[in-house]
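See below for the structure under consideration.
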Amino acid sequence: MALWLCNSCGNAEDLQFQPDCCSLCSGTMETQDGRSTYPLTDNRHGPDALTRCAADEGDPASIIELWHAGIDLSVRQLEVLHEIMLGNRVDLISRSYEFVGRAAA
């Protein structure tokens, strides 16, 4: 059994399993040995655990949300983000050349 302490409300729970969040306020929890949880519903500390899990699986929308929140991204997530940005640049350049071509015609 481990003593889990809530970082938000100070609730202490003696549990045999790793909780998802605090049972009172849904905040993050920590043990004395340094293990911690992500909040499932509390967005005060950044994106929730479901967004982080989706980003770990390669979901582009979740990766962009983490990037906007200023969360450090993994190398794989950065590669996906760079591919998205490169695709946006290519679309922008191709549209600008289409506009120039129409104006010249």
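Numbers below:
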| item | result |
| --- | --- |
| Distance in nm between pseudo-label sites at Arg89 and Leu5 (7 Å out along the Cβ direction from Cα) | 4.7 nm |
| Ellipticity estimate at 222 nm from DSSP helix runs (n ≥ 4, -39,500 (n - 2.57)) divided over the chain, nearest 500 | -15000 deg cm²/dmol |
| Estimated FRET transfer efficiency when R0 is 35 angstrom, pair Asp33-His82 (beta carbons, to 0.05) | 0.45 |
| Pairwise centroid distance, computed over Cα atoms, of segment 59-98 with segment 17-32, Å | 33 Å |
| Only Lys, Arg (+1) and Asp, Glu (-1) charged, at Cβ; the chain dipole about Cα centre in debye | 500 debye |
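Taken together, the values in this text are just the output of simple stated rules run on the coordinates, not laboratory data. Note that the coordinates shown come from a computational prediction; the quantities given were computed from them, not determined experimentally. All Cβ positions, even for glycine, are placed from backbone atoms using ideal geometry, and neighbour counts span all protein chains on display.
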